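Enquirer: Attaching a single structure in structure tokens format; questions to follow.
Every number here is computed from the coordinates shown, using simple stated rules; none is lab data. Quantities reported herein were computed from a predicted structural model and do not represent experimental measurements.
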Amino acid sequence: NSSTRSLEERLNQLDGRLTHALDLIETYWKADLPEKNKYNEHIFIDHRLIEENKRLLFNQRKYIQDLRFLKQKYREQSNYLEQLLAQLT
């Protein structure tokens, strides 16, 4: 009789813990993952990653543009120095 009561208490505690875990999962699931709708191709689209990728692509384009500018400046300076050396010799 006491073992039955102890088992019942443990099962009730387990049920309470599982219910609490389920509540936490449902809360964070809704907060972190957008629900699938007809506009989403996939339920696990993470808009934070999309924004991060946009920012990285923007910075990458900017750095490429800066590199092109610096290469052009280097060419101009090299040509200028070659002309100066030609005049001196």
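Enquirer: Work out Dmax and Rg for region 40-89 from the C-alpha atoms and quote the Rg first, both in angstrom.
Expert: 21.6, 71
Enquirer: Right, next: For E8 and E82, calculate 0.36 nm times their separation in residues minus their Cα-Cα distance, and state this gained length in nm to one decimal.
Expert: This chain segment gains 17.4 nm when fully extended.
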